[in-house]
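The values are calculated or read from the model by the stated rules, or taken from the named source; none is laboratory data. Here the structure is a predicted model, which is why all the values come from computation and not from measurement. Here the Cβ positions follow ideal geometry from the backbone for every residue, glycine too, while neighbour counts run over all protein chains shown. The accessibility values were calculated without ligands, DNA or RNA, using every heavy atom of the protein model including side chains. Shrake-Rupley method; radii C 1.70, N 1.55, O 1.52, S 1.80 Å.
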Amino acid sequence: MSADPQANRLLKGAAFAVLAFLVLPSLIVVPISFGDTHEMVFPPPSLSLDLYRQYFGDPQWLAATWLSVRVAIWTTLISLLLGIPAAYGLVRGRFPGKRLVAMFLLSPIMVPSVVIALGLYIYFVRIGLSHGELRLVLGLTVVTMPFVIVTATAGLQNVDPNLEKAATVMGAGPFTVLFRVTLPLLKPAIVGGSLFAFLMSFDEVVIAWFITRAGYETLPIKMFSSIQWEISPVLAAVSSLLMLFSVVVCVLVVVTRRNEPQQ
Amino acid sequence: MVKVQLNDVEKRYGPTVALAPTNLSVTEGEFLTLLGPSGSGKTTLLNIVSGMTEPTGGEVWIDGVDVTNVPSAKRGLGMVFQSYALMPHMTIFQNIAFPLQIRGLPREEIRRKVEDVLELVQLPHVAGRKPKELSGGQQQRIALARCIVYDPSIILMDEPLGALDKKLREQMQLEIKRLQVQLGITMLYVTHDQEEAMTMSDRIILMNNGSAEQIGTPNELYFQPNSSFVADFIGQSNLLDATVAGEDRVRLVNGEIITVRHDAPLSHGQSVKVLLRPEVLHLREIDAGGNRLDATIRGSVISGSTVKHFLELDGGTSVLVEELSNGTNAAPAPGDRVTISWSVGQARVLPA
Ligand SMILES: Nc1ncnc2c1ncn2[C@@H]1O[C@H](COP(=O)(O)OP(=O)(O)OP(=O)(O)O)[C@@H](O)[C@H]1O
Ligand SMILES: [Mg+2]
């Protein structure tokens with residue numbers, strides 16, 4: 001905290017300016033989404049809910065949305081199932097080459113999406129995996145899992161290993177320790193990590209674009225193609241809904257964090 | 001009855017010997033303390049008993065069963081950690097109920113036992129709180145209660161009071177001792193604080209460099225140390241270099257000859273250490289048959305109940321004399337010549 005109130009005000013001003021620069025371009029779609037159905041203009045000449053009606057009335061948009069939701073749920077679940085044990089091994093385990101394994105597990109964060117996408121595409125063709133939805137789930141798990149590993153690792157580092165030892169000495173078997181000590185203490189990290197993984201998966205375009213098959217358009221892909229072919233103003237409504245969804249998720253993360261006892 | 005028996009247990013980490021082959025037995029209701037400097041292997045020994053460290057040799061027996069290859073969870077032990085290790089996501093009630101739930105006790109019995117044990121540690125009003133809402137001393141008592149409640153065959157404690165301030169630590173020492181005696185708990189306790197060990201223990205194992213230097217009651221360790229390490233670690237001591245000059249006689253480096261007590265036979269010319277506790281020395285001549293040495297006062301300090309005199313023997317060796325202060329102690333000035341004396345038998349010979 002700066003002691004100088006004037007410097008403090010300046011800092012606050014600067015922070016708000018940056019925030020405005022980052023947020024305003026996204027916010028502009030909100031008023032547009034309440035415009036009419038013919039073209040995307042700002043400011044909208046008249047206000048209506050037509051674009052939202054159009055979105056909710058179009059089976060193709062809804063199908064894309066549900067596909068994205070399903071894929072994101074599966075991706076998140078698989079990421080948790082693989083990522084938490086991996087994080088556990090990385091934090092508590094003692095084995096040679098641990099840092100190398102950690103780097104390998106987190107590498108999808110650093111490798112450009114296009115490279116991962118191309119690799120996955122070639123790989124799926126090679127092994128003959130042709131199920132569109134499964135391809136999306138497996139492909140997107142590659143990028144979401146590292147984020148679950150990162151949050152779970154951070155969470156585990158805050159869990160005193162003596163708590164697990166204490167439970168063990170008291171007679172708790174490994175499952176009791178896991179479900180009554182480790183996981184409850186990891187809850188904030190798990191909730192944060194899964195919301196994050198869900199959003200990442202939901203939002204992912206590049207990899208999804210490469211590996212999806214005809215008939216499996218996720219929401220971002222559908223948005224991308226519709227801006228290429230028609231620039232339909234319904235996009236503004238979809239974007240606004242997505243933004244609302246992200247805000248809700250972020251608020252959820254903050255709220256769950258606050259309710260957890262800090263150790 | 002023997003609760004815990006260690007037969008030649010040892011632990012090596014590569015070339016490092018954390019614990020040299022050690023034999024030990026803890027009897028029922030005994031308070032046994034592992035005392036020693038940092039890195040002497042106390043935690044290693046304790047963790048071998050708890051099952052968290054696997055010994056590289058030897059056997060661990062608990063309640064007459066060889067548990068060397070039995071995992072921690074199945075050894076039926078209790079353990080109190082320095083960091084308390086209370087579950088932060090559980091209330092105090094849930095924390096204490098946890099080991100009982102693991103044992104599958106009925107709900108009603110759990111409630112009764114938890115309430116009883118909270119009464120026992122004099123904290124019946126905190127059942128609904130989270131651990132972080134308690135003070136350090138209270139958390140430590142809850143950690144102990146969580147062990148007591150399921151009646152383990154032995155309770156292990158690794159420096160449980162290390163995080164508390166001096167006053168609270170002394171209070172907790174008495175509290176733990178009271179509960180241990182009252183409930184007949186068998187206790188294996190680790191500390192590097194010799195006063196704490198002396199206050200609480202029935203027996204002390206003094207560890208040095210990964211092996212047990214001496215095992216005995218606090219009294220034995222204090223009055224009959226068998227090495228200068230023990231004499232130096234427990235209490236204050238003057239250790240004088242000397243050579244054997246005859247049957248129970250040794251010659252100090254300044255040529256003076258004194259009479260000593262010894263357990264092992266001495267051979268002429270052997271070099272030894274002579275232990276003189278500061279409180280057995282007097283700044284006057286006490287009886288004609290006793291030992292006496294001439295010395296020069298270098299300084300005196302009054303520390304409440306006692307007065308410490310720092311002296312120099314003729315020949316240059318420093319000696320500490322501690323007397324009870326009664327307000328009338330004649331205060332010798334630095335440079336004064338004095339005679340120190342002690343009853344024969346108070347000077348103990350130790351191997352050099
Ligand atoms: N995992 C380990 N790997 C290698 N050496 C170890 C390991 N654990 C302990 N040691 C060594 O074993 C010796 C005994 O350690 P231990 O922890 O038992 O000491 P301690 O008496 O408990 O000390 P302190 O009072 O500092 O807790 C030390 O020299 C230590 O460096
Ligand atoms: Mg230790």
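Looking across segment B:290-319, the residues that are assigned to a strand (DSSP E or B) and either among the acidic types (Asp, Glu) or open to solvent by 30 Å² or more (accessible area, probe 1.4 Å) (or both) come down to B:292, B:294, B:298, B:300, B:301, B:302, B:303, B:308, B:310, B:312, B:318.
Counting residues in segment B:26-47 that are within 14 Å of chain A (Cβ to nearest Cβ) and among the aliphatic types (A, V, I, L, M) gives one or more. Tell me the residue from B:194, B:182, B:236 that is within 16 Å of ligand 1 (Cβ to nearest atom), in contact with a Leu (Cβ under 9 Å, 6 or more places away or on another chain) and polar (S, T, N, Q), please. Of the residues listed, the single one that is within 16 Å of ligand 1 (Cβ to nearest atom), in contact with a Leu (Cβ under 9 Å, 6 or more places away or on another chain) and polar (S, T, N, Q) is B:194.
Within segment B:80-112, being more than 22 Å from residue B:160 (Cα to Cα) and crowded, with 19+ Cβ neighbours inside 10 Å holds for B:100, B:110. Go through segment B:69-85 residue by residue and tally those that are touching a helix residue (DSSP H, G or I) at 6+ places or on another chain (Cβ under 7 Å), more than 8 Å from every other protein chain (Cβ to nearest Cβ) and aliphatic (A, V, I, L, M). Number of matching residues: 1. Summed over segment B:330-352, residues that are loosely packed, with under 15 Cβ neighbours inside 10 Å and either without any contact (Cβ under 8 Å) to a residue 60 or more places away in the chain or over 30 Å from residue B:269 (Cα atoms) (or both) total 7. Mind checking whether some residue in segment B:28-43 is under 20 Å from residue B:194 (Cα atoms), away from ligand 1 (no atom under 13 Å from the Cβ) and among the aliphatic types (A, V, I, L, M)? Yes, that holds for at least one residue.
Of all residues in segment B:320-329, those satisfying the criterion of being free of Cβ contacts under 8 Å to residues at least 60 places away in the same chain and part of a strand (DSSP E or B) are B:321, B:323, B:324.
Comparison of A:46, A:68 shows that the only residue that is open to solvent by less than 90 Å² (accessible area, probe 1.4 Å) and touching a Leu at 6+ places or on another chain (Cβ under 8 Å) is A:68. Given the conditions (1) of a type outside the set (Lys, Arg); (2) assigned by TED's automatic domain parsing to the domain that holds residue B:336; (3) in contact (Cβ under 8 Å) with a residue 60 or more places away in the chain, report the number of the one that residue B:248 does not fulfil. Of everything listed in (1) of a type outside the set (Lys, Arg); (2) assigned by TED's automatic domain parsing to the domain that holds residue B:336; (3) in contact (Cβ under 8 Å) with a residue 60 or more places away in the chain, residue B:248 misses just condition (3).
Helices (runs of 4 or more DSSP H) fully within segment A:106-209 that include at least 2 residues being more than 14 Å from chain B (Cβ to nearest Cβ) and surrounded by fewer than 22 Cβ atoms within 10 Å (Cβ to Cβ): A:113-127, A:132-157, A:183-203. Identification of strands (runs of 3 or more DSSP E) wholly contained in segment B:1-46 with 2 or more residues that are within 16 Å of ligand 2 (Cβ to nearest atom) and under 17 Å from residue B:207 (Cα atoms) yields B:16-27, B:31-35. Spot the failing condition for residue B:151; the list is (1) touching a strand residue (DSSP E or B) at 6+ places or on another chain (Cβ under 9 Å); (2) open to solvent by 30 Å² or more (accessible area, probe 1.4 Å); (3) within 13 Å of residue B:93 (Cα to Cα), and only one is missed. Status for residue B:151: all satisfied but (3). Taken over segment B:163-196, the criterion of being open to solvent by 40 Å² or more (accessible area, probe 1.4 Å), away from chain A (no Cβ under 13 Å) and within 16 Å of ligand 2 (Cβ to nearest atom) is satisfied by B:192, B:193, B:194. Counting residues in segment B:224-232 that are free of Cβ contacts under 8 Å to residues at least 12 places away in the same chain, away from ligand 1 (no atom under 16 Å from the Cβ) and in contact with a Leu (Cβ under 7 Å, 6 or more places away or on another chain) gives one or more. Of the residues making up segment B:113-128, those that are open to solvent by 30 Å² or more (accessible area, probe 1.4 Å) and either under 34 Å from the mean Cα position of the chain (by Cα) or outside the structural domain of residue B:174 (by TED's automatic domain parsing) (or both) number 8.
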